[in-house]
1. From the square roots a ≥ b ≥ c of the eigenvalues of the alpha-carbon gyration tensor of the range 28-99, which class results: rounded (a/c under 1.5), prolate (a/b over b/c), or oblate?
2. Check residue 85: other-chain or 5+ apart residues with amide H under 5 Å from its amide H, H built from backbone geometry?
3. Equivalent ellipsoid semi-axes for the range 98-159, as square roots of 5 times the alpha carbon gyration tensor eigenvalues: give them largest first, rounded to whole Å.
4. Work through the residues other than residue 133 whose Cβ is under 14 Å from its Cβ and net out their charges, Lys, Arg +1 and Asp, Glu -1.
5. Return the sequence-ordered ³J(HN,Hα) values of the range 117-132 in whole Hz as given by the Karplus equation 6.51 cos²θ - 1.76 cosθ + 1.60 applied to θ = phi - 60°, using x for Gly and Pro.
6. Name the shape class, rounded, prolate or oblate, that the alpha-carbon gyration tensor gives for the range 32-159, where a ≥ b ≥ c are the square roots of its eigenvalues, rounded holds for a/c under 1.5, and otherwise prolate holds if a/b is larger than b/c and oblate otherwise.
Amino acid sequence: MSIFPTMYRAGAPLLIGLLALPAIADEPGGLVTGSFGDQPLELTIPPEFASATIIGQYADASFLAMQMEGDQGPVNLQLEINGELPSLGEMALTITFARDLGRNWSGDQDSLTLTLEEFTPADGIVTLKGTLTGQVSGGPSSETRPVTFSFDTRLEELD
């Protein structure tokens, strides 16, 4: 008969952890996956670098994603999008490779296409999901490379 108290004690931390998951999921941050040319990238969006401001029908959203490990070394990807809801028309993408100076790449609404799957504000958090495809230019030789990035993030809504 002592199996039930043992199961209860072992299961309580697990249950408490599972109940805490929705609270963690509602915090700012997220993930960006995709490719830069033929190089796959997976970058994490820290909570402190994910924010959005909404004034009426105008929205301004941005995040900074990072990959610290791997062959590429430290990589930063910054995306800023803004415009009238529901379709945010202006964007700026910057990709920086820290190990190789001069390997900064950028693109905007003229070279990139943004497909928003979700832009939902609720309780101080903006859920932002979408895909960015097109080309960025730059690097040491002023080249052009194709990019495809999907992002799933939660942004802190600022006043």
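1. prolate
2. Residues meeting the criterion, in which the H sits 1.01 Å from N, are 58, 59.
3. Semi-axis lengths for the range 98-159 are 29, 14, 9 Å.
4. Combined, the nearby Lys, Arg, Asp and Glu give -2.
5. 8, 7, 9, 10, x, 6, 6, x, 10, 10, 7, 10, 10, x, 9, 10
6. prolate
No value in this document is a laboratory result; all are computed from the given coordinates. Everything numeric in this text was worked out from a predicted model, so none of it was measured. Glycine gets a Cβ as well: all are built from the backbone with ideal geometry, and neighbour counts include every protein chain shown.
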